[in-house]
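These notes concern the structure reproduced below.
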Ligand code: BGC
């Protein structure tokens with residue numbers, strides 16, 4: 001791919017697995033210097049492996065341990081990035097998780113963990129990014145926009161999801177979070193958009209694809225008839241982070257093989 005992100009610094013949260021890994025690798029291949037965030041010591045090895053993939057391919061970056069729900073750790077990750085690389089141009093607000101349960105059985109902890117990581121984590125990281133974009137001001141030599149934030153949402157920002165009410169609530173909230181941010185900072189030339197993935201083959205949804213039966217049943221939800229790959233999302237992240245999408249802000253872009261066009265209605269209704 002063309003080097004559309006040369007000399008730009010990107011922080012990718014939750015980059016030690018799944019979609020975050022795919023996005024980190026794609027941004028680096030497009031020329032960005034990538035901060036590969038991971039949440040704890042136990043994910044350090046994975047983050048280092050992601051960084052190795054990046055540097056083996058000629059890219060640049062570093063790993064950064066930070067729990068996105070911890071204000072001090074988030075502030076430190078941004079401060080370290082600015083110390084080392086000078087600024088931040090792109091934030092991929094990706095870290096997210098599921099804690100599934102039937103609603104009547106859902107514990108407060110399951111609810112709070114999901115809201116803390118998927119929503120409050122995006123708040124803390126976006127606030128740190130916005131403060132850095134405002135401090136630094138425009139950098140027209142690398143990008144038309146002063147800064148870009150990409151929120152990892154989900155098809156479940158619009159598709160209700162029984163058994164996953166904490167998760168669907170967090171993603172529905174991300175829609176308003178992203179749009180309100182885009183509204184508040186558009187005049188400062190800061191672009192904020194969401195990526196809304198459907199079923200992407202990662203550890204978060206192993207149950208949906210690890211047996212032929214599960215995969216067949218998943219395909220009844222996907223008109224395009226394949227499960228998505230992290231690289232599919234990585235390609236979209238590169239586009240949204242680059243000047244190729246300079247007139248896009250406040251948008252939720254669905255990347256789901258057609259999941260949101262309701263396959264189940266293809267022969268009835
Ligand atoms: C969830 C996955 C699920 C997909 C489609 C994603 O946001 O994290 O577990 O497979 O939506 O339902």
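Bear in mind these aren't lab numbers, they're just calculated from the coordinates by the rules spelled out. Since this is a predicted model, take the numbers as computed values, not measurements. When we count neighbours, we look across all protein chains shown, and the Cβ atoms used for this are built from the backbone with ideal geometry, even at glycine.
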Which semi-axis lengths, in whole Å and largest first, follow from the square roots of five times the eigenvalues of the Cα gyration tensor of region 1-80?
-> 21, 14, 9
In percent, what relative contact order does the chain have, based on Cα pairs under 8 Å that are 6 or more apart in sequence?
-> 20 percent
When a/c is below 1.5 the answer is rounded, else prolate if a/b is larger than b/c, else oblate, so apply that to region 190-269 with a ≥ b ≥ c taken from the square roots of the Cα gyration tensor eigenvalues.
-> oblate
Could you tell me which of rounded, prolate or oblate describes region 49-138, using a ≥ b ≥ c as the square roots of the eigenvalues of the alpha-carbon gyration tensor, with rounded for a/c under 1.5 and, failing that, prolate when a/b is larger than b/c and oblate otherwise?
-> oblate
Relative contact order as a percentage, region 84-172, C-alpha pairs under 8 Å and 6+ apart, gives 44 percent
Compute the length gained on full extension between residue 107 and residue 211: take 0.36 nm times their separation in residues and subtract their Cα-Cα distance, giving the result in nm to one decimal.
-> 34.6 nm
Post the alpha-carbon centroid distance, region 208-269 to region 117-142, in whole angstrom.
-> 27 Å
Listed highest first by mean packing, meaning other Cβ atoms within 10 Å per residue, what order do 159-168, 81-90 come in?
-> 81-90, 159-168
If you bin the C-alpha pair distances of region 68-190 every 5 Å from 0, what whole percents do you get?
-> 2, 11, 19, 20, 17, 13, 8, 5, 3, 1, 0
Relative contact order (%) - region 111-220, alpha-carbon pairs under 8 angstrom, separation at least six | 27 percent
Indicate the gyration tensor shape class of region 1-47 (rounded, prolate or oblate), computed on the Cα atoms with a ≥ b ≥ c the square roots of the eigenvalues: a/c under 1.5 is rounded; otherwise a/b larger than b/c is prolate and the rest oblate.
-> prolate
Once residue 80 and residue 40 are pulled to full extension, the length gained, defined as 0.36 nm per residue separation minus their Cα-Cα distance, is 12.7 nm
Note: residue 97 to residue 136 extended length (0.36 nm per residue) minus current alpha-carbon separation gives 10.9 nm
